[in-house]
Amino acid sequence: MAKVLDVQNVHRIYESAAGYTHALRGVSLTVDRGEFLCVMGPSGSGKSTLMNILGGLDRPTSGTYKLEGVDVSELSDDELAELRATRLGFVFQSFNLLPRATVMRNVQLPLVYCDAPTSERVERAVRALHAVGLPPEYYDHRSNELSGGQMQRVAIARALVNDPALILADEPTGNLDSATSEMVLQTFARLRAEGKTIVLITHDPEVCVWADRTVHIRDGKLLTDEEERALHSAERGRT
């Protein structure tokens with residue numbers, strides 16, 4: 001099966017007045033096309049740094065990151081911006097919608113930046129909203145008139161509208177109650193069944209139940225199978 005994402009021995013070191021912070025330590029990870037991967041870790045584990053690198057928002061200090069065979073770490077700033085606009089879809093915990101814009105306007109926004117014709121923008125936005133199961137009667141609502149679950153569906157539709165190679169979701173259920181979270185996760189599961197590739201970052205083990213595969217990150221490193229088994233044993237011992 002073709003690999004969408006191929007990360008090899010990635011390190012990320014930040015320098016500040018206080019010294020050096022080694023946020024990622026030799027991370028290697030591959031994700032196949034159509035796979036739903038969950039990256040789980042506590043606060044400070046390095047999962048947000050990993051997400052920023054996968055999203056082209058940051059660069060590794062060393063190592064390689066390939067998206068559909070393209071070495072992202074070697075792209076210029078302009079090429080990275082184009083990659084984010086055309087091959088990546090982002091879903092955030094805080095939705096990041098324009099509050100006074102309509103649902104349709106929010107979903108069409110990535111296509112506006114790509115100079116797509118108006119008729120094409122409308123058609124693709126409707127298709128994306130249909131894919132996430134938002135009823136048409138909400139399309140003309142402003143996003144600040146929606147519930148949290150509806151806003152997250154709009155955010156997922158916006159991530160889908162450019163038919164990205166990879167959807168990156170950063171704690172997408174973090175601001176939602178349990179019932180609404182399940183509705184959003186059902187949306188991701190449906191998209192995965194349709195062949196979308198998803199990497200979801202979370203600290204919640206209940207979210208990872210929905211994924212095909214889960215990897216754990218601690219102190220900037222992905223745990224080995226043996227380390228994961230030890231972690232699970234320790235967690236069972238606390239229950």
Farthest toward positive dipole pole in the chain [+1 Lys/Arg, -1 Asp/Glu at C-beta], among Leu176, Val4, Ala131
Leu176
I need the P(r) histogram for the stretch 1-138: all alpha carbon pairs, bin width 10 Å from 0 out to the longest distance, whole percents.
10, 33, 32, 20, 5, 0
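Stretched out fully, how many nm does the piece from Glu206 to Glu120 gain, at 0.36 nm a residue minus the Cα gap?
Values: separation 86, 0.36 × 86 = 30.96 nm, distance 3.80 nm.
Between Glu206 and Glu120, full extension yields an extra 27.2 nm.
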Can you work out the PRE-style zone for Glu145? Point 7 Å along Cα to Cβ, and I want the residues of the stretch 104-123 with backbone N under 20 Å.
104-109, 122
Binned at 10 Å starting from 0, the alpha-carbon pair-distance distribution of the stretch 101-239 in whole percents comes out as 11, 36, 30, 14, 8, 1
Evaluate 2.2 N^0.38 Å with N set to the residue count of the chain, then give the Cα radius of gyration divided by it.
1.03
How do the peptides 98-107, 7-16, 164-173 rank, highest first, by the average count of neighbouring beta carbon atoms within 10 Å per residue?
164-173, 98-107, 7-16
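Among 62-71, 198-207, what's the highest-first ranking by average C-beta atoms within 10 angstrom per residue? Before the final figure, lay out the partial values.
Numbers: 62-71: 15.6, 198-207: 19.6.
With the highest mean Cβ count within 10 Å placed first, the list reads 198-207, 62-71.
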Obtain the nm distance between the two label points defined at Ser76 and Asn9 by a simple spin-label model: each point lies 7 Å from its Cα along the Cα-to-C-beta direction.
2.9 nm
Say the dipole of the chain comes from +1 at the beta carbon of Lys and Arg and -1 at that of Asp and Glu; which of Ser16, Val103, Leu57 then lies farthest toward its positive end?
Val103
Measuring from its Cα centre, the stretch 1-124 shows a charge dipole (+1 at each Lys and Arg Cβ, -1 at each Asp and Glu Cβ) which, in debye to the nearest 20, is 480 debye
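Run the helix sum for the chain: -39,500 (n - 2.57) per DSSP H stretch of 4+ residues, divided by residue count, reported at 222 nm to the nearest 500 deg cm²/dmol. Walk me through the intermediate numbers first.
Values: 8 runs with 90 residues, N = 239.
About -11500 deg cm²/dmol.
Does the stretch 88-174 come out rounded, prolate or oblate, given a ≥ b ≥ c as the square roots of the eigenvalues of its C-alpha gyration tensor, rounded meaning a/c under 1.5 and, failing that, prolate meaning a/b above b/c? Each step should come with its number before you reach the end.
Working: a/c = 1.60, a/b = 1.13, b/c = 1.42.
It is oblate, given that a/c is not under 1.5 and a/b is not larger than b/c.
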Net dipole in debye of the stretch 96-181 [+1 Lys, Arg Cβ; -1 Asp, Glu Cβ; about Cα centre; nearest 20]:
140 debye
Rounded to the nearest Å, the spacing of the alpha-carbon centers of the stretch 99-163 and the stretch 177-192 is 18 Å
Cross-link partners of Lys47 among lysines (Cα-Cα below 16 Å; sequence separation of 8 or more within a chain):
Lys221
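Only the coordinates and a few stated rules stand behind these numbers; no lab work does. Keep in mind that this is a model prediction, so the values were computed, not measured. Note that each Cβ is placed from the backbone with ideal geometry, even for glycine, and that neighbours are counted across all protein chains shown.
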